[in-house]
Amino acid sequence: MSDRLSFSLQINGEEHALAVAPERTLLEVLREELRATGTRRGCDQGSCGACMVLVDGEPRLSCLSLAVTLRGRAITTIEGVETAGALHPVQRALIQHGAVQCGFCMSGIVVTAKALLDHNPSPTLDEIRQALGSNVCRCSGYAKVIEAIASLSKVRPHE
Ligand code: FES
């Protein structure tokens with residue numbers, strides 16, 4: 001449709017040179033240009049949270065974000081949350097608590113929970129529920145997800 005623009009994006013600490021149309025979303029660039037398919041396409045209209053990534057540490061719906069607007073920002077996807085080849089503590093907790101069902105929503109939930117705990121290491125259950133407000137689980141397995149994230153809270157919330 002439009003001419004391609006050349007620019008680079010910093011994704012998981014690496015600069016990626018791109019030449020894409022200005023209307024391409026970050027989700028499209030991740031999945032179709034960079035083959036980073038851990039970020040999921042669910043609704044593609046901002047309703048499900050499956051496409052959540054972090055931009056400068058804050059959750060962002062990649063299906064609603066034009067890639068070209070994110071030049072100079074630090075983008076973190078599910079592929080970037082592991083450290084030294086080990087699962088992120090949120091990933092381990094979700095597995096240990098049996099919170100993963102079909103798994104489709106998990107990459108969005110993991111990055112959202114990571115952002116929450118990075119900003120607030122002691123979230124209450126209400127804060128966890130609020131943080132996950134944009135992440136839909138189509139298996140409706142919210143109780144185990146919240147339990148898993150609560151297990152990482154320094155205050156171990158019970159209500
Ligand atoms: Fe982006 Fe559903 S795919 S919110």
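Summed over the range 49-69, residues that are part of a helix (DSSP H, G or I) and either crowded, with 22+ Cβ neighbours inside 10 Å or not hydrophobic (A, V, I, L, M, F, W, C) (or both) total 4.
Does Asp3 satisfy being within 16 Å of the ligand (Cβ to nearest atom) and more than 26 Å from Leu117 (Cα to Cα)? Spelling it out, it is not the case that Asp3 is within 16 Å of the ligand (Cβ to nearest atom) and more than 26 Å from Leu117 (Cα to Cα).
Where residues in the range 70-91 are outside any loop (DSSP other than H, G, I, E, B), in contact (Cβ under 8 Å) with a residue 40 or more places away in the chain and under 28 Å from Gln45 (Cβ atoms), which of them is farthest from the chain's Cα centre (by Cα)? Among those that are outside any loop (DSSP other than H, G, I, E, B), in contact (Cβ under 8 Å) with a residue 40 or more places away in the chain and under 28 Å from Gln45 (Cβ atoms), it is Leu70. Filtering the range 6-48 to residues that are within 10 Å of the ligand (Cβ to nearest atom), in a loop (DSSP other than H, G, I, E, B) and either assigned by TED's automatic domain parsing to the domain that holds Ile109 or without any contact (Cβ under 8 Å) to a residue 40 or more places away in the chain (or both) leaves Arg41, Cys43, Asp44, Gln45, Gly46.
Does Gly98 satisfy the criteria of being at positive phi, away from the ligand (no atom under 16 Å from the Cβ), at pLDDT 95 or above and outside any helix (DSSP H, G or I)? So Gly98 fits the description; yes.
Of the residues in the range 107-159, how many are over 18 Å from Cys51 (Cα atoms), without any contact (Cβ under 8 Å) to a residue 12 or more places away in the chain and of a type in the set (Gly, Ala, Ser)? Residues in the range 107-159 being over 18 Å from Cys51 (Cα atoms), without any contact (Cβ under 8 Å) to a residue 12 or more places away in the chain and of a type in the set (Gly, Ala, Ser): 1 in total.
Okay, residues lined up against (1) hydrophobic (A, V, I, L, M, F, W, C); (2) surrounded by 12 or more Cβ atoms within 10 Å (Cβ to Cβ); (3) assigned by TED's automatic domain parsing to the domain that holds Arg24:
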{"position": "Arg71", "(1), (2), (3)": "no, yes, yes"}
{"position": "Gly108", "(1), (2), (3)": "no, yes, no"}
{"position": "Ala113", "(1), (2), (3)": "yes, yes, no"}
{"position": "Ser122", "(1), (2), (3)": "no, yes, no"}
{"position": "Ile128", "(1), (2), (3)": "yes, yes, no"}
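The residue that is nearest to the ligand (Cβ to nearest atom), among those in the range 101-134 that are over 16 Å from the mean Cα position of the chain (by Cα) and among the polar types (S, T, N, Q), is Gln101.
The values are calculated or read from the model by the stated rules, or taken from the named source; none is laboratory data. Everything quoted here is computed from the prediction, not taken from an experiment. In this analysis, Cβ positions are derived from the backbone assuming ideal geometry, glycine residues included, and neighbour counts consider all displayed protein chains.
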